[in-house]
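Here is the structure we will look at, set down as structure tokens.
The values are calculated or read from the model by the stated rules, or taken from the named source; none is laboratory data. Given the structure is predicted, the values throughout are model-derived calculations rather than measurements. Each accessible area value is taken on the protein alone, full model and side chains, heavy atoms only, with ligands, DNA and RNA left out. Shrake-Rupley method; radii C 1.70, N 1.55, O 1.52, S 1.80 Å.
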Amino acid sequence: GLYAIYRKEMGHYFVSPVAYVVVGVFLALSAFFFNYFLAAVMQQAMQMQMQEMEMGMHPNIDVTMEVMRAFFGLLSTLVLFLTPMLTMGVFSEERKRGTMELLMTSPITEIQIVVGKFLASVTLFAIMLLPTAAYLVFIYVHSDPVPPWRLLVAGDVGVMLLGGGLLSLGSFISSLTENQL
């Protein structure tokens, strides 16, 4: 029951162009802003180092943490605006097409329906978030001193949990309406 709902929803995500557009926009924006934040913080660190050398002081800016703080802040904002596109049709499309009655009369419980649809949207979100782990690996490999890997993983897990919460809220709102917009 649960797996059938999950498989059906995953099929809907990858048949419609919405999932591809959302994932593409998310990855393009996150790559652009990661590059932008990295360049800006490195330039700021270089300028501070030059100024502090002239004054005889020791520079103290943690480029890695500044980049990660800015990047995870932006990632959270992107997730806030892009997750509704993933969940806007989860239940409302079922009502619009008239398949909600068929789904509710099938030998599947309501909890299995809700959890199956939620797991499908979380899986798509995890697939969307997975390529951003390359940025964390890049920072980990190219930083000196090496940042604690727990902080990098905690940032990614935090974005995943935020996305899960927003996906559940979006699914709830989708269950209240017939029109996905």
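Return the single residue from Ser106, Ser30, Ser168 with maximal mean-square fluctuation; model: Gaussian network over the chain, springs between Cα atoms under 10 Å. The residue that fluctuates most here is Ser106. Among Glu66, Glu110, Glu9, the order of accessible area from largest down is Glu110, Glu66, Glu9, computed with a 1.4 Å probe on protein heavy atoms. Under the criterion of Cα pairs below 8 Å and six or more residues apart, the relative contact order for the range 1-82 equals 33 percent.
Please find, in a Gaussian network model of the chain (springs between Cα atoms separated by less than 10 Å), the residue of Asp156, Asp62, Asp144 whose mean-square fluctuation is greatest. Of Asp156, Asp62, Asp144, the Gaussian network model singles out Asp144 as fluctuating most. Per-residue ellipticity at 222 nm computed for the chain from its helices equals -28000 deg cm²/dmol, with DSSP H segments shorter than 4 residues left out and the rest contributing -39,500 (n - 2.57).
Taken over the alpha carbons of the chain as equal point scatterers, the Debye sum produces base-10 log I(q)/I(0) values at 0.11, 0.13, 0.19 Å⁻¹ of -0.58, -0.72, -1.19. The per residue volume of the convex hull around the alpha-carbon atoms of the range 1-71 is 79 Å³. Note: relative contact order over the chain, using C-alpha pairs below 8 Å and six or more positions apart, is 38 percent.
Keeping the other protein chains in place, figure out the carbon and sulfur percent of the accessible area of the chain, with a 1.4 Å probe. Answer for the chain: carbon and sulfur cover 70 percent of the accessible area.
Sorting Phe91, Phe81 on solvent-accessible area from highest to lowest, probe radius 1.4 Å, gives Phe81, Phe91.
Taking θ as phi - 60° and the Karplus parameters 6.51, -1.76 and 1.60, the scalar couplings of the range 135-144 work out to 5, 5, 5, 4, 4, 5, 6, 9, 8, 9 Hz in sequence order, x denoting glycine and proline.
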